[in-house]
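The values are calculated or read from the model by the stated rules, or taken from the named source; none is laboratory data. Bear in mind the structure is a predicted one, so any value in this text is a computation, not a measurement. All Cβ positions, even for glycine, are placed from backbone atoms using ideal geometry, and neighbour counts span all protein chains on display.
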Amino acid sequence: MGWLTEKRASLAKSGPSGSVDMSATVGSVELGSPVMAASGTAGHSVELDAYFDLREAGAIVVKSLLCEPWEGNPAPRVHSTDAGMINSVGLQGPGVQGWIDHDLDPLITSGANIVVSIWGRSVDEYRIAAEMLAPVQGYLTAVEVNVSCPNVEDRDRMFAHSVEGTHDAIAATAVVDVPRWAKLSPNIADLVPIADAAQRGGAEAVTIANTLIGLAIDPETRKPRLGKGRGGLSGPAIRPVAVRAVNDVATALPDLPVIGCGGIVHGVDAIEFLLAGACAVQVGTATFADPRAVVRIRAEIEQWCELHNVAEMRSLVGALET
Ligand SMILES: Cc1cc2nc3c(=O)[nH]c(=O)nc-3n(C[C@H](O)[C@H](O)[C@H](O)COP(=O)(O)O)c2cc1C
């Protein structure tokens, strides 16, 4: 993962002085840091605790949970690509109840802001997952509804590729009384109607974006490199796509908070998302190469703000000049 270290090392030489207001607002949620750990890349619980105090992250977004345990896809599940990786983990997880029974307590003890990601194969499964979370909602900062997965009731078309699918899946989760964020897919030309549907369904914010669908082939075997065949591309390779998608939605729907995600490795990458209109960001793939990425990137944003006389990180939000 040479892309992690190849550039901008100078920013990391000295730490920030703490003079910048780094707080972020996502709808009704106030965060001490704008940098969260993205779903699927920070485990289900306190896996990153060995590397940093989880309270230093804006939030830990746990890997997406189904209403029942789910075994995921066949191996191999990950493959390194130029400037990123492609994965077909397939949303493996213990299910909502298994997570509540085994993973929630350590997260509560850590003091982290907990965002639970849920998914379903049908609208009803979204509803059930949300119902299961309701008894523990007092511990949750938000629920991120991952609609970037196949809808078995609609020809396996992704929920997030359909206005109705997105609206109905989000609306079905209203039973859990915490802010709900919709995690959208970048695999669609115009995200604005989808983001609008998420908002109408009750999402307080949207996370843009999940992975881009890709296919990596081993020329020697002439077979796909991943057990499932296709997979999701992530890392720096997708950043310009995600930044553009954030900007599309933030411009068209100024009242809908957007969380930017896709290829953030350094503080300046996050600044791109903020300028494009994101009020906070999530970091995924970079965490695999550097488990402290979430807090390092926060420090780099702060340092960048100091260097550019920016007293409040939030003043960068949507400040793109065209
Ligand atoms: C191995 C892996 C597993 C992931 N699992 C999930 C998941 O369970 N739920 C989800 O919403 N996104 C999942 N994602 C997508 C990330 O949260 C993120 O949206 C995407 O990777 C783009 O950000 P990045 O380039 O910083 O990784 C996963 C990504 C990777 C690389």
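Within the bounds of segment 291-303, is there any residue that is closer than 23 Å to Lys63 by Cα, touching a residue at least 40 places away in the same chain (Cβ under 8 Å), surrounded by fewer than 24 Cβ atoms within 10 Å (Cβ to Cβ) and of a type in the set (D, E, K, R)? Yes, because at least one residue in segment 291-303 is closer than 23 Å to Lys63 by Cα, touching a residue at least 40 places away in the same chain (Cβ under 8 Å), surrounded by fewer than 24 Cβ atoms within 10 Å (Cβ to Cβ) and of a type in the set (D, E, K, R). Annotation: Leu107 fulfils all but one of (1) touching a Phe, Trp or Tyr at 6+ places or on another chain (Cβ under 7 Å); (2) in contact (Cβ under 8 Å) with a residue 40 or more places away in the chain; the unmet one is (1). In this structure, does Asp124 turn out to be acidic (Asp, Glu) and modelled with pLDDT under 95? No; evaluated as a whole, the condition is false for this residue. Among the candidates Ala195, Ala182, the residue that is touching a helix residue (DSSP H, G or I) at 6+ places or on another chain (Cβ under 7 Å), outside any helix (DSSP H, G or I) and crowded, with 23+ Cβ neighbours inside 10 Å is uniquely Ala182.
Within segment 235-293, if we keep just the residues that are among the polar types (S, T, N, Q) and within 9 Å of the ligand (Cβ to nearest atom), the residue that is nearest to Leu212 (Cα to Cα) turns out to be Thr285. Scanning segment 147-179 for residues that are away from the ligand (no atom under 15 Å from the Cβ), modelled with pLDDT of 95 or more and either assigned to a loop (DSSP other than H, G, I, E, B) or charged (D, E, K, R) (or both) returns Ser162, Glu164, Asp168, Ala174, Val175, Val176, Asp177, Val178, Pro179. Residues in segment 206-248 that are part of a helix (DSSP H, G or I) and either touching an Asp or Glu at 6+ places or on another chain (Cβ under 8 Å) or touching a residue at least 40 places away in the same chain (Cβ under 8 Å) (or both): Pro236, Ala237, Ile238, Arg239, Val241, Ala242, Val243, Ala245, Asn247, Asp248. Entry remark, segment 1-43: residues being at pLDDT 95 or above and of a type outside the set (Val, Ile, Thr) number 17 in total. Residues that are in a loop (DSSP other than H, G, I, E, B) and crowded, with 17+ Cβ neighbours inside 10 Å within segment 53-71 comprise Ala57, Gly58, Ala59, Val62, Lys63, Ser64, Leu66, Cys67, listed in sequence order. Residue count for segment 37-87 satisfying the condition of being within 13 Å of the chain's Cα centre (by Cα) and within 10 Å of the ligand (Cβ to nearest atom): 10.
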